Every structure is written in structure tokens, then in C-alpha cells.
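The values are calculated or read from the model by the stated rules, or taken from the named source; none is laboratory data. Only a predicted model underlies this, so the values are computations on that prediction, with no experimental measurement involved. A quick note on method: Cβ atoms are made from the backbone with ideal geometry, for glycine too, and the neighbour counts reach across all protein chains shown. For the accessible areas, the whole protein counts, side chains as well, though only heavy atoms, and no ligand, DNA or RNA atoms are used. Shrake-Rupley method; radii C 1.70, N 1.55, O 1.52, S 1.80 Å.
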Amino acid sequence: MIRTFNQSIKTAIKHDASHRFWFWQASFWLFVSVVSFITLTLWYNEFTFGNITHTVLQGLLGLLFSILLYRTFDRIWEKSITYRLTIGMLMVFFVAFVWTIFRMQALSWLTPAGELWDEFGGWYFASIFIFLCWTGLFHGIRYYELLQSEHETMLVAEAATRKEHIKRIEAQSVARDAKLKMLRYQLNPHFLCNTLNAINSLIEIEESEKAQTMTVQLSQFLRHSLDNDPDTKVTLADEIAALNLYLEIEKTRFADRLNLDFMVDDDAKEALVPSLLLQPIIENSMKHAISKSEAGGTISLRAKIKHKRLIIEISDTGAENKRKEKVSKQDSSTGVGLVNIEQRLAVLYENDYQFNAMKGIEGGRISRINMPFELSA
């Protein structure tokens with residue numbers, strides 16, 4: 001019960017300014033009374049009822065007069081330092097003077113000490129010293145509380161700023177993730193439409209076995225897409241494995257007309273890339289090169305690490321009716337897939353990437369990606 005009482009007092013003092021004022025007031029005048037009792041009453045062996053009553057009475061009167069000082073200091077707190085110093089010192093001398101008269105008169109009434117007025121100067125000096133100590137304590141506590149208040153205000157402002165910053169980061173992250181999902185999921189309907197058209201064509205020409213095989217392959221590819229988070233990055237080896245699921249579908253369509261030439265350095269296989277980054281490029285080559293050539297063609301993929309950058313290059317041999325164009329001319333017909341790649345790279349790497357899609361010297365298309373080399377933790 002005592003611990004609970006002490007805890008409630010500590011809580012009240014901590015959170016209530018008025019409680020703190022009375023605590024310091026009581027503590028100060030209790031200290032003065034105890035010191036007075038030890039150095040005067042006990043020291044001079046005057047342990048009588050009158051002297052003890054005088055010690056208690058002068059403490060209570062001092063507390064009362066210090067409240068008058070408190071009201072004065074509180075009222076002039078916003079004034080200039082010179083004004084406060086002048087009024088403050090005058091009030092200290094005045095209160096000490098009145099308190100000294102009450103102390104001496106009370107001692108004369110309560111004890112047989114007789115006339116004490118010849119010793120007024122010593123009593124008055126002690127009173128001035130005590131009230132100056134009280135004044136110093138008051139200003140020390142007041143400035144300390146102001147400092148604490150400013151510190152708490154600053155902490156609250158910092159916390160609010162930090163909270164707002166976290167909210168902004170979270171909002172940016174949510175927006176970024178939403179954009180990635182939108183861009184990433186944009187690929188499946190685009191690819192699905194082409195594949196379903198191919199399956200429909202196989203059914204029309206009564207190639208039911210091939211249509212069935214392609215349907216199973218399409219299911220496997222879509223299952224892989226659903227099982228992988230579009231926001232995550234995968235190793236290039238895993239990306240190529242996913243790419244092969246797509247190419248199995250295309251091999252069913254084009255059989256021997258589709259040739260693949262993949263060369264990936266071992267260290268490049270562990271590099272992280274956005275999931276399904278390469279599939280739109282291969283799909284673009286299938287659309288503009290392989291499908292338009294009776295003899296088919298070859299799709300090449302090269303990947304290496306150079307100067308801590310991942311360099312990926314995908315090219316095709318082009319269509320038989322390709323037209324000679326100026327070297328390195330930017331391909332204007334990139335379609336949804338390649339635009340999608342550009343946007344995803346911009347979201348993930350901002351300006352720290354390069355993506356170029358262009359005509360090759362011998363025809364065909366070349367797509368080159370230059371991005372930071374990252375490894376999984």
C-alpha cells in the first residue's frame with residue numbers, strides 16, 4: 001500500500017505542475033526547519049515546547065511569504081531582466097524583513113528569551129539569505145521545466161516528422177509496388193492472347209495433339225507466373241528457366257523453325273533480375289522474326305558481368321523480307337512488351353540502367369540491357 005501511495009505521488013509530481021510546486025515548497029521549508037532545529041534548538045540545548053513551536057511556526061510563515069514571492073515572480077516573468085531583477089530583489093528584502101519581524105516577535109512570545117531587537121541585523125541577514133536561496137531554487141526549477149518542455153515539444157515534433165516521413169515512404173512503396181504489379185501483370189494478358197490465337201489456329205487445322213500439348217504448356221507457364229511474386233527479383237538462372245517454359249510453347253508452334261543460342265556466364269547466372277524481364281523481348285523476336293520467316297531463325301541470348309554491371313543482349317536473325325536500315329536506329333515498333341520493360345526498369349533502378357532496342361547490322365533486332373549487378377542475400 002505504501003508503494004502504491006509513493007507511486008501515485010511520483011506520478012502526480014511528474015505530470016502536474018501545481019503538485020511539483022507544492023512538493024518543492026514543502027521540501028525547501030522542511031529542510032530550513034530541520035537545519036534550524038539542529039543548529040539552534042539542539043545545538044544550544046533549548047529543546048523546549050516553545051522553541052519547537054517557533055521552529056515549526058517560522059517554517060509555515062516562510063512558506064506563506066514565499067507564495068507571495070512566487071506570485072510576484074510569476075507575474076513579472078515576461079518582463080525584461082533588469083525589471084525582474086529590480087522588483088525581485090526589492091520583494092526579497094521586503095519579505096525577508098517582514099518574516100524576520102514575525103520570527104523575532106514569535107520567539108519573544110513563545111520563550112523567555114526577552115528582547116531580541118538588538119540582534120535584528122543578524123536575523124535579517126539570515127532571512128535574506130534564506131529567501132535568496134528560495135529565489136534561486138524557484139528560477140532553477142522554472143528554467144529546468146521550460147527546458148524540459150521545449151525538449152518534449154522538440155521530441156513530439158521529431159516524432160511527428162518521423163511518422164510523416166515513414167508514412168510518405170510507405171505511400172511511395174505502396175505506389176511503387178502497385179505500379180510494378182500493374183506493369184508485371186500487363187504481360188500475361190498480352191502473351192495469353194497470342195498463345196490462345198495460336199492454339200485456336202492449331203484447332204482449325206485439326207492439329208489437336210499439338211493444341212493439347214500447347215494448352216498444357218500454357219498452363220505450366222501461367223502456374224509459374226502465379227506462384228512468383230511480381231515484386232521480387234529472381235536469379236538470371238531462374239529467369240531463363242521460366243523463359244524456357246515460354247519457349248517450349250513456341251517450339252510446339254514453330255518446331256524446327258525456332259533455334260536457340262544461349263550463352264550465359266556462370267557469374268551472371270546468380271545475378272538478380274526482375275521476374276519475367278526477358279520474356280517480352282523473346283516474344284517480340286518471335287512476332288517480328290521467326291513467325292515472318294518460312295525458314296525460321298535463331299534467337300540468341302548473351303549475359304555477362306562487366307565492371308559490376310549485368311549486361312544482357314538478346315538478338316534474332318530477322319525475317320526473310322527484312323529491309324536494310326541504318327545501324328543502331330532505335331526500333332520504333334517496340335510494342336507493349338518492350339515499353340513495359342522500360343517502365344519496370346525505370347521504377348526499380350531509376351536512372352541506373354540502360355535499355356536499347358535496335359536494328360542489327362545484318363538485320364533482325366538487338367535488345368541490350370545494362371543494369372546493376374546484384375546478388376541475393
Q: Using only Cα atoms, locate the centre of region 270-313 and the centre of region 69-115, then give the distance between them in Å, rounded to an integer.
A: 93 Å
Q) Under 5 Å between amide H atoms, partner at least 5 residues away or on a different chain: which partners does Val234 have, H built in plane at 1.01 Å? A) Val273, Ser275
Q. When the Debye formula is applied to the Cα atoms of region 37-157, each taken as the same point scatterer, what base-10 log of I(q)/I(0) results at q = 0.09, 0.10 Å⁻¹?
A. -0.35, -0.42
Q | Net charge over other residues, Cβ less than 12 angstrom from the Cβ of Asn244 (K, R count +1; D, E count -1) | A | -3
Q. Taking θ as phi - 60°, what are the ³J(HN,Hα) couplings along region 87-101 by the Karplus curve (6.51, -1.76, 1.60), each to the nearest whole Hz, with x for Gly and Pro?
A. 4, x, 5, 4, 5, 5, 5, 5, 5, 4, 5, 5, 5, 5, 4
Q: Based on the mean of other Cβ atoms within 10 Å per residue, sort peptides 286-295, 54-63 so the most packed one is first.
A: 54-63, 286-295
Q) Which sequence of Ser33, Ser376, Ser27 reflects their accessible areas, 1.4 Å probe, from the largest down? A) Ser376, Ser27, Ser33
Q) Using a probe of 1.4 angstrom, how much of the accessible area of region 189-312 is carbon and sulfur, in percent? A) 49 percent
Q. When the Karplus curve 6.51 cos²θ - 1.76 cosθ + 1.60 is applied with θ = phi - 60°, which whole-Hz ³J(HN,Hα) does each residue of region 356-372 get, with x for Gly and Pro?
A. 10, 10, 8, 7, x, 5, 8, x, x, 10, 10, 10, 10, 10, 10, 9, x
**Q.** region 39-68-region 340-357 distance, computed between alpha-carbon centres (Å)
**A.** 85 Å
Q: Determine ³J(HN,Hα), in whole Hz, for all residues of region 238-255 in sequence, where each value follows from phi through the Karplus function 6.51 cos²θ - 1.76 cosθ + 1.60 and θ = phi - 60°; x replaces Gly and Pro.
A: 5, 5, 5, 4, 5, 5, 5, 4, 5, 5, 4, 5, 5, 5, 5, 6, 10, 6
